[in-house]
Amino acid sequence: MSSETRIRHGVAKLFATLAVALLFLSPLAGATTGGDDVAAPDREWVFRVLLDGDEIGYHSFELTDEGERARLRSEASFTVRFLFFDAYKYRHENEEIWRDGCLQAIDARTRVNGKSLEVRGERLEEAFVVAADQTDRALADDCVMSFAYWKPEFLEQDRLLNSQTGEYVPVTIEPVAEEELEIRGEAVRAIRYSLAAGSLDMQLWYTPEREWLALESTTKGGRLLRYELR
């Protein structure tokens, strides 16, 4: 095995731990759109994504009011470089359809280091049916929610749908402390929440009115992944 190959294998193993955190960092996935015209969003969040303080990409969210329903579109792109090659590449494009505060449809496409993942789901009469990894699952809850950090009601949930794997995972979300956060160069009063989902521990910051401001998660390899509003 050449020295370059050994370096690639070692770095790939290190950055593979990022995938665990990113499974939960793509809360917005897509719905079947049926060729609808794209309207200008009513709300927009654009985050720069940092790994150990170095910017590696972005994650944007666009929310459009469509009368009785809302459409959420998201796009993410991360690239981690080591020496002269890309050690980790992540791409995510998706939408969600929401009605009365509940998820109605989802269609997410993710590519991690060349591996493709797809999750699709739709609210039927008695359940929300999710198709992922060639398996269909029926979620019997009346109101299913994804990891929709942008949505204030997200903070009150005890189970959430993972838009990359299709899993319906138990979560614990609790307020931790009131802090001051720097957003776009200005000091902002913020409330920090902790989110636990299996082995994942995450910190989230919101205004007292529950506007999403920032996110942090430590990967299994001990690296710090952070979302900051542009």
State which residue is nearest to Arg43 (Cα to Cα) when the search covers only region 206-225 and only residues that are open to solvent by 20 Å² or more (accessible area, probe 1.4 Å), assigned to a strand (DSSP E or B) and modelled with pLDDT of 90 or more. Glu216
Report yes if Gly67 is part of a loop (DSSP other than H, G, I, E, B), at pLDDT below 90 and either within 18 Å of Tyr227 (Cβ to Cβ) or open to solvent by 50 Å² or more (accessible area, probe 1.4 Å) (or both), otherwise no. no
What are the pairs, 6+ residues apart or on separate chains, where a residue within region 135-160 that is among the β-branched types (Val, Ile, Thr) has its Cβ under 7 Å from a residue that is assigned to a strand (DSSP E or B) and open to solvent by less than 50 Å² (accessible area, probe 1.4 Å)? Val144/Cys102; Val144/Leu103; Val144/Phe128; Val144/Leu161
Is it the case that region 169-189 has a residue that's buried (at least 19 other Cβ atoms within 10 Å of the Cβ), free of Cβ contacts under 8 Å to residues at least 40 places away in the same chain and either assigned to a strand (DSSP E or B) or of a type in the set (S, T, N, Q) (or both)? no
If I filter region 112-124 down to residues being surrounded by fewer than 21 Cβ atoms within 10 Å (Cβ to Cβ) and at pLDDT 90 or above, which single residue comes out as farthest from Asp141 (Cα to Cα)? Glu118
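Can you name the residue in region 125-134 that is touching a residue at least 12 places away in the same chain (Cβ under 8 Å) and either outside any strand (DSSP E or B) or out of contact with any Gly (no Cβ under 9 Å at 6 or more places or on another chain) (or both) and is also least open to solvent (accessible area, probe 1.4 Å) among such residues?
Here is the first cut: in region 125-134, the residues touching a residue at least 12 places away in the same chain (Cβ under 8 Å) are 126-128, 130-133.
Then drop every residue that is not either outside any strand (DSSP E or B) or out of contact with any Gly (no Cβ under 9 Å at 6 or more places or on another chain) (or both), which leaves 126-127, 133.
Details: Glu126: 158, Ala127: 17, Asp133: 133 Å².
Taking the candidates together, the pick is Ala127.
The values are calculated or read from the model by the stated rules, or taken from the named source; none is laboratory data. This is a predicted model, so every value here is computed, not measured. All Cβ positions, even for glycine, are placed from backbone atoms using ideal geometry, and neighbour counts span all protein chains on display. Accessible surface areas use protein heavy atoms only, side chains included; no ligands, DNA or RNA. Shrake-Rupley method; radii C 1.70, N 1.55, O 1.52, S 1.80 Å.
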